[in-house]
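Student: There's a structure below that I have some questions on.
The values are calculated or read from the model by the stated rules, or taken from the named source; none is laboratory data. Keep in mind that this is a model prediction, so the values were computed, not measured. Cβ atoms come from the backbone with ideal geometry, glycine included; neighbour counts cover every protein chain shown.
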């Protein structure tokens, strides 16, 4: 078979090939730039976590995956959430305003912030003097107890309304123990996901925290002086 030469207009010259490569690169850069610009635009529309009202904070907690946010943003949101908890938050009232999907995102972000705070407090505990460690744990436990979060979650688990008739119904000891056991289980992946060199310090802190919680519980029952 006789092969005919390709027409000149079908032959790719080095100049034409170079142009095609440059055009392809330009399109890739434009596409990447569009995605980056869209990401920046979306983040720019989110309110400042340090100064926004509670409604704006709620947007962060129920519409975004905090684990995917920049570290600086995560730290600001953690600081803000801790401040709001100190001021008082009624979990049942918040949850009643959300749909199922929003609740899932909220609890996912809440667990992430708990992990972040757990690691931060563990670092503080690690460098604290031995004589100051129990005082540090007591301050931490007292702060969490002041939020009333454990009691509120326990009531929700028991199917009670934390604000019904303005009464503060007693939470059963079994519910509190179940929550503490659940916390222990949830903390294990937090420790295992940390760098191996950091894991012993996190385990030591968790053990000390649980031991202090047990001591305080027994002291309240007047088993210890």
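Student: Give the number of residues within the stretch 83-132 that are outside any helix (DSSP H, G or I), surrounded by 13 or more Cβ atoms within 10 Å (Cβ to Cβ) and at pLDDT 90 or above.
Tutor: 1
Student: Scan (1) surrounded by 14 or more Cβ atoms within 10 Å (Cβ to Cβ); (2) assigned to a helix (DSSP H, G or I) for the single condition residue 138 breaks and write down its number.
Tutor: Failing condition for residue 138: (1).
Student: Any residue in the stretch 197-225 that's more than 14 Å from residue 181 (Cα to Cα): show its pairings with residues that are assigned to a helix (DSSP H, G or I) and at pLDDT below 90 at Cβ separation under 8 Å, as long as the two are six or more apart or on different chains.
Tutor: Every condition considered, the pairs that remain are 224/215; 224/218; 225/219.
Student: Sticking with this structure for a sec: Which one of these is under 18 Å from residue 91 (Cβ atoms), loosely packed, with under 14 Cβ neighbours inside 10 Å, out of contact with any helix residue (DSSP H, G or I) (no Cβ under 8 Å at 6 or more places or on another chain) and at pLDDT below 75: 145, 167, 182, 160?
Tutor: 167
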